[in-house]
Amino acid sequence: MLELVYPPRCMGCGELTESDFGLCGPCWRDTPFIGGTVCDSCGAPVVGERDGFRIDCDDCLKTPRPWHEGRAALLYQGRARALVLALKHGDRPELARPAARWMAQAGREILRPGLLVAPVPLHWSRLIKRRYNQSALLAQHLGREAGLDCIPDLLQRRVRTPVLDGKTAQEREDILTHAISTHPKRAEQIRGRDILLVDDVMTSGATLAACTRVCQAAGANHIFVLALARVAKDA
């Protein structure tokens, strides 16, 4: 009866689909999922085949990442960019559930038992305005999907940083220095653990790097990162 009254619709365009939280055929084809050979550090697609050795893209060779490995589900362009912006600014929190499934698929090589999932934090003033932290929603759904513990407030953003769009990598790093810290009541839960940091979009990686360093300073073991979308040079 519910399907008769509220038939499933495509998350992308609103057309009727066969199941809830899905994409219609055209939107699925237009959504740039990342597949094939990827950079082990950031998840961006790279040319070539696996040869048994670690692969890093040019950006990650130029700027080595402080975390162990990273992946992303989508390229931040076209239909994927529209979906991310709808989740982030369009009051569409329901998109986090299917997006987390895509992330679990993209991150299958780095997901492992015992990982502690934590989102990139949002400053309280932006949280009040937006009503939710999209990265926290992704982390919570991902934790359920992968059967991993998730602590949404493991980290906190102490400083309301300016919008980082358009900033250089160095400017982003300078802005984020000392802006993120562990939650004072959660620090002991980091010590000796492998941490999976979750974000909606990885651009320069400065925010994830700042979170990684905070976790390392608190005694974390290996740090992994997983983003819904990755900004790549060809995006």
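What follows draws every value from the coordinates through simple rules; no lab data is involved. Just so it is clear, the structure is predicted and the values come from calculations on it, not from any experiment. Counting neighbours? That spans all protein chains shown, and the Cβs are built from the backbone with ideal geometry, glycine included.
As a length-normalised measure over Cα pairs under 8 Å and 6 or more apart, the relative contact order of the chain settles at 21 percent.
Charging the Cβ of each Asp and Glu at -1 and of each Lys and Arg at +1, and nothing else, the dipole of the chain about its Cα centre rounds to 740 debye.
Would you tally the net charge around Thr203, using a Cβ to Cβ cut-off of less than 10 Å, leaving Thr203 out, and scoring K and R as +1, D and E as -1? Here the charged neighbours net out to +1.
P(r) tail, the range 141-232: Cα-Cα pairs separated by more than 21 Å, 32% of all pairs. Relative contact order for the range 118-203: 40 percent, from Cα pairs under 8 Å spaced at least 6 residues apart, divided by residue count. Residues in the range 122-130 carry Karplus couplings, in order, of 10, 5, 4, 5, 6, 5, 4, 5, 8 Hz; the curve used is 6.51 cos²θ - 1.76 cosθ + 1.60 with θ = phi - 60°, and Gly or Pro positions show x.
The simple Förster model, with R0 at 25 Å and r as the Cβ-Cβ distance, assigns Arg144 and Ala187 a FRET efficiency of 0.50. Here is the list for the range 78-124: trypsin sites (Lys or Arg not before Pro) lying in DSSP coil, each with at most 11 other C-beta atoms within 10 angstrom of its C-beta, are Arg108. Apply the a/c threshold of 1.5 to the C-alpha gyration tensor of the range 23-230 and tell me whether it is rounded, prolate or oblate. The shape class here is rounded. Dipole size of the range 111-235 about its Cα centre, with +1 on Lys/Arg Cβ and -1 on Asp/Glu Cβ: approximately 360 debye, rounded to the nearest 20. Just how far, in whole angstrom, is the range 117-179 from the range 181-235 if you go by their alpha carbon centroids? One Cα centre to the other: 9 Å. In the P(r) worked out for the range 87-197, what percent of Cα pairs fall beyond 19 Å? Across the range 87-197, Cα pairs with separations above 19 Å total 51 percent. Counting only DSSP beta bridges with both residues in the chain, the antiparallel share comes to about 25 percent. Look at the alpha carbon pairs under 8 Å that are at least 6 residues apart: their mean separation over the length of the range 8-129 gives a relative contact order of 21 percent.
Straight-line reach from Lys88: taking Cα to Cα under 19 Å and skipping same-chain neighbours fewer than 8 places apart, the lysines in range are Lys129.
Which chymotrypsin sites (Phe, Trp or Tyr not before Pro) does the range 23-95 hold that lie in a coil by DSSP with at most 11 other beta carbons within 10 Å? Sparse-neighbourhood loop chymotrypsin sites (Phe, Trp or Tyr not before Pro): Phe53.
GNM on the chain, alpha-carbon springs under 10 angstrom: the most fluctuating residue among Thr207, Thr31, Thr63 is Thr63.
Between the amide H of Val117 and those of Asp149, Cys150, Ile151, Leu196, distances stay under 5 Å, these residues lying 5 or more places away or on another chain, with hydrogens modeled in the peptide plane.
Cross-link partners of Lys62 among lysines, defined as those whose alpha carbon lies under 26 angstrom from its own and excluding same-chain residues fewer than eight positions apart: Lys167, Lys233.
Of the peptides 221-232, 145-156, the order by per-residue mean of other Cβ atoms within 10 Å, starting with the highest, comes out as 221-232, 145-156.
Close amide H partners of Val225, meaning residues 5 or more places away or on another chain with modelled amide H under 5 Å apart, are Glu69, Gly70, Arg71, Leu197.
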